[in-house]
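These notes are about the structure you will find just below.
What follows draws every value from the coordinates through simple rules; no lab data is involved. All of these numbers come straight from a predicted model, not from anything done at the bench. Virtual Cβ from ideal backbone geometry, glycine too; neighbours counted across all protein chains shown.
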Amino acid sequence: MSERWIPLDAKDCDPSPFVQFHAWFHDASEVMRDREAIALVTASSDAKPSARMVLLRHVDATSFGWYSNYESRKGVELEQNPYAALLWYCEGLGRQIRIEGSVEHMSAEESDEYFSARPRGHQLGAHASHQSAFLESRQYLETAMHDEELRYEGRDVPRPPYWGGFRLTPNFFEFWQHREDRLHDRVFYRLVGSTWVRERHAP
Ligand SMILES: Cc1cc2nc3c(=O)[nH]c(=O)nc-3n(C[C@H](O)[C@H](O)[C@H](O)COP(=O)(O)O)c2cc1C
C-alpha cells in the first residue's frame, strides 16, 4: 500500500507544539514560495469574526508575531477582544496548522526595531495609508504618499505611534495532515496549566 502523505501520530509529534510548528514550517520552504503568509481571524466585541492574511514575522519559543496598523479593523477588534486565531495551509505537503490564543501589542522598542529595518517606501506607506479607513480614490493615497516623501526628505522616517507588532501567545494548536480516503490525521495540543497535552481527534 502506498501513500504519498507523511502519517502523523500524536506520539511522534514533538512534546512542544512550537518545535512541531518549526519542523513543518521548515519542511514547507521546499514547496511554498510564501510560507509566511497566514490567515489571521479576529472578532469584534459583539462576536462578529473577520479574517485576512498577514505575514508571520516572528516565531519564538512561546509566541507568534506580525506587524500592522493598530487602528485598522483588526487592530480595533484586537483592542476590544484580544483573542485571535491563525490558520496556515501548505498545499504541497497536505498540511494545515491552526493556532489560537491571546494577543498583545509588542513593545515600542520591538516595533521600532522592525520598522527601522523596513524599506523606506514601506515606512512612508505606513504614514500615508490609514489602513482600513474609507478612501475616496487611488489619487488621494498617491498624493498622501507624495506628501510624506516631502515631509521626510533627507531624514529618517519615524514609526507612527499607531503602527507596530502584535504577539499571539497560544493555548491551542492543531496539526492536520492530509491522508487518503479522508482519513486525515489530526493532532491537537491543549495547554493544561503549563503542560501541553497532545491528543488525536477525528478527521
Ligand atoms: C499575503 C498577504 C500578506 C499580508 N500581510 C500583511 C501584514 O503583514 N500586515 C498587514 O497589516 N496587512 C497585511 N496584508 C493585508 C491584509 O490582508 C489586510 O488587507 C489589511 O491588513 C487590512 O485588514 P483589516 O482591514 O481587516 O485590518 C497582507 C495581505 C496578503 C494577501
Margin query: Using amide H atoms built in the peptide plane, which far-off residues or other-chain residues are under 5 Å from residue 37 H to H?
Written below: 56
Checklist line | Length-normalised contact order for the chain - Cα pairs under 8 Å, 6+ apart - percent | finding: 25
Next item on the list: Please give the length that would be gained between residue 11 and residue 137 if that part of the chain were fully extended, namely 0.36 nm times their separation in residues minus their C-alpha to C-alpha distance (nm, one decimal).
Entry: 39.9 nm
Note to self: Using amide H atoms built in the peptide plane, which far-off residues or other-chain residues are under 5 Å from residue 172 H to H?
What the structure shows: 100
Item checked: Cα gyration tensor, region 10-201 - rounded (a/c under 1.5), prolate or oblate -> prolate
Check: Name the GluC sites (Glu not before Pro) in region 1-90 that are in a loop by DSSP and that have at most 13 other C-beta atoms within 10 Å, would you?
Finding: 3, 30
Item checked: Residue of 108, 28, 39 that the Gaussian network model of the chain assigns the largest fluctuation, springs spanning Cα pairs under 10 Å -> 108
Next item on the list: Report the trypsin sites (Lys or Arg not before Pro) located in region 1-57 that are in a DSSP loop and have at most 16 other Cβ atoms inside 10 Å of their Cβ, or state none.
Entry: 4, 33, 57
Notebook entry, point to check: In nm, what is the difference between 0.36 nm times the number of residues separating residue 172 and residue 79 and their Cα-Cα distance?
Noted result: 31.4 nm
Checklist line | Per-residue HN-Hα couplings for region 183-194 [Karplus 6.51, -1.76, 1.60; θ = phi - 60°; Hz; x = Gly/Pro] | finding: 8, 5, 9, 10, 10, 9, 10, 10, 8, 10, x, 10
Check: What angle do you read, to the nearest 10 degrees and between 0 and 90, between the alpha-carbon axis of helix 138-151 and the longest principal axis of the chain?
Finding: 70
Check: What GluC sites (Glu not before Pro) in region 114-167 are in a loop by DSSP, with at most 16 other Cβ atoms within 10 Å of the Cβ?
Finding: 136, 153
Margin query: Using only the alpha-carbon atoms, how far is helix 17-28 inclined from the longest principal axis of the chain? Give it as 0 to 90 degrees, nearest 10.
Written below: 80
